[in-house]
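The values are calculated or read from the model by the stated rules, or taken from the named source; none is laboratory data. Since this is a predicted model, take the numbers as computed values, not measurements. Reconstructed Cβ throughout: ideal geometry from the backbone, glycine too, with neighbour counts over all protein chains shown.
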Amino acid sequence: MPDWSELKKIVDAHQTFVLTCHVRPDADALGSELALACLLQDLGKDVRIANPSNAPNTLEFLNNDELVSVLGQGIKSEEVLSADVHIILDTSAWSQLQGVGEVFRKTDAVKVVIDHHVSSDDLDAHDFKDTSAEATGALIYRFAKECGLPVSEKAAFYMFCAIATDTGWFRFPSVSSQTYRDIAEMIDLGVKPHLVYGELYERSSLARHHLSGRILQRITTIEKGLVSWTWVAREDFRETGAKPVDTEDLVNECLRVEGTKVAFIAVEQENGQVKFSFRARLGSNVAIIAEQFGGGGHTLAAGAMLPGPLEKAKQQVLEAVIKSVAEQEGLSASNPA
């Protein structure tokens with residue numbers, strides 16, 4: 001458990017804060033930023049959020065107050081440079097910060113990392129990490145509780161969204177009895193789970209369902225059924241009208257296949273790069289696979305971005321996955337072709 005009193009000392013000693021998270025922010029990243037912004041604002045601090053890229057449209061409901069800006073769109077580098085403290089949430093990797101990271105490297109501001117991922121760079125920051133935590137949003141809540149900070153209904157809502165999504169609606173192995181105690185307290189503060197669920201999981205477009213059909217049809221198993229995977233090409237988005245964000249969480253459908261221990265999806269991006277999302281069951285490790293390609297994440301959930309073309313990227317990852325699974329399971333690696 002991080003020593004949250006040290007973070008409280010940093011907060012008490014400074015006035016201006018800039019918060020940021022990883023590129024292509026998810027609900028844990030956004031929820032953590034917004035929850036921490038609420039806590040800091042309630043303490044009378046000046047807070048800005050400057051992210052490296054826009055959030056998906058499906059998460060616009062989190063930014064109703066328009067607190068979240070993208071560097072160069074609503075907040076300038078000069079404004080970031082002038083802040084006393086830079087807080088990086090839900091990542092510990094320079095590559096995930098892109099342009100924001102380049103600005104952060106230029107300053108003498110106090111740097112803080114609040115994260116729960118295993119993969120990590122040296123960001124020259126005060127680290128408040130707990131890799132056993134179910135979500136970064138959970139760490140924000142525990143910081144508030146540990147330091148006696150009041151948690152508003154709005155802040156609790158953001159934390160709830162962060163934890164709910166990063167635990168797959170409380171079904172992943174990272175969930176503990178403490179998770180449910182924290183969630184119960186957020187409900188007592190006014191959060192309504194049925195409304196959160198509707199915002200997160202009941203707003204799918206028809207195009208997403210059509211794309212999902214293609215993705216499900218392509219699921220393939222290898223390595224005696226231990227590995228399940230699928231893929232999406234740029235043409236699929238054009239033909240169905242779906243967007244890359246519509247592939248979120250579909251890798252978990254591969255993990256539903258009986259006997260699967262490792263699953264992944266390859267998603268060709270509009271710029272020709274290929275995004276890989278990996279998932280695993282307890283006893284397997286996909287972070288070590290992602291790290292081979294400059295990515296990272298958790299033992300059971302990780303990701304990486306590879307250069308195209310799609311077929312070459314798929315082959316590279318297939319070889320790495322087969323080798324890794326064979327080593328972890330004590331099998332002889334098969335030929336991915």
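For (1) within 24 Å of residue 6 (Cα to Cα); (2) touching a Leu at 6+ places or on another chain (Cβ under 8 Å), each residue gets a yes or a no:
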| site | (1), (2) |
| --- | --- |
| 46 | yes, no |
| 53 | no, no |
| 60 | no, no |
| 67 | no, yes |
| 74 | no, no |
| 77 | no, yes |
| 85 | yes, no |
| 94 | yes, yes |
| 101 | yes, no |
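Residues in the range 196-205: is at least one of a type in the set (Phe, Trp, Tyr) and surrounded by fewer than 21 Cβ atoms within 10 Å (Cβ to Cβ)?
Just the residues of the range 196-205 that are of a type in the set (Phe, Trp, Tyr), to begin with: 197, 201.
Subsequent filtering for residues that are surrounded by fewer than 21 Cβ atoms within 10 Å (Cβ to Cβ) retains 197, 201.
Yes, the conditions are met somewhere in the range 196-205.
Run down 329, 270, 311 and say which single residue is at pLDDT below 90 and among the charged types (D, E, K, R). Working first, answer last.
Values: 270 fails: at pLDDT below 90; 311 fails: at pLDDT below 90.
Exactly one of 329, 270, 311 is at pLDDT below 90 and among the charged types (D, E, K, R), namely 329.
Can you find, within the range 50-83, the residue that is farthest from residue 23 (Cα to Cα) among those that are of a type in the set (Ser, Thr, Tyr) and under 19 Å from the mean Cα position of the chain (by Cα)?
This residue is 58.
Suppose we keep only residues that are crowded, with 21+ Cβ neighbours inside 10 Å and either under 18 Å from residue 139 (Cβ atoms) or of a type in the set (Asp, Glu) (or both) within the range 94-112. Which one would you say is modelled with the lowest pLDDT?
Among those residues, the one meeting the criterion is 96.
Within the group 190, 259, 198, 241, which residue is closer than 30 Å to residue 294 by Cα and among the small types (Gly, Ala, Ser)?
Answer to the check: 259.
Quick one: which of 221, 167 is without any contact (Cβ under 8 Å) to a residue 60 or more places away in the chain and over 22 Å from the mean Cα position of the chain (by Cα)?
From the options 221, 167, the qualifying one is 221.
Every residue in the range 133-157 that is part of a loop (DSSP other than H, G, I, E, B) and either touching a strand residue (DSSP E or B) at 6+ places or on another chain (Cβ under 7 Å) or hydroxyl-bearing (Ser, Thr, Tyr) (or both), please.
152
Restricting attention to the range 75-93, and to residues there that are hydroxyl-bearing (Ser, Thr, Tyr) and part of a loop (DSSP other than H, G, I, E, B), which single residue is surrounded by the fewest Cβ atoms within 10 Å (Cβ to Cβ)?
So, considering only residues that are hydroxyl-bearing (Ser, Thr, Tyr) and part of a loop (DSSP other than H, G, I, E, B), the one surrounded by the fewest Cβ atoms within 10 Å (Cβ to Cβ) is 82.
Just one of (1) part of a helix (DSSP H, G or I); (2) without any contact (Cβ under 8 Å) to a residue 12 or more places away in the chain trips up residue 196, so point out which.
(2)
Can you go through 265, 289, 322 and tell me which one is in contact (Cβ under 8 Å) with a residue 24 or more places away in the chain, more than 23 Å from the chain's Cα centre (by Cα) and either buried (at least 20 other Cβ atoms within 10 Å of the Cβ) or in the same structural domain as residue 95 (by TED's automatic domain parsing) (or both)?
322
Quick check: anything in the range 116-132 in a helix (DSSP H, G or I) and among the hydrophobic types (A, V, I, L, M, F, W, C)?
Checked against the condition, which is being in a helix (DSSP H, G or I) and among the hydrophobic types (A, V, I, L, M, F, W, C), the range 116-132 yields no hits at all.
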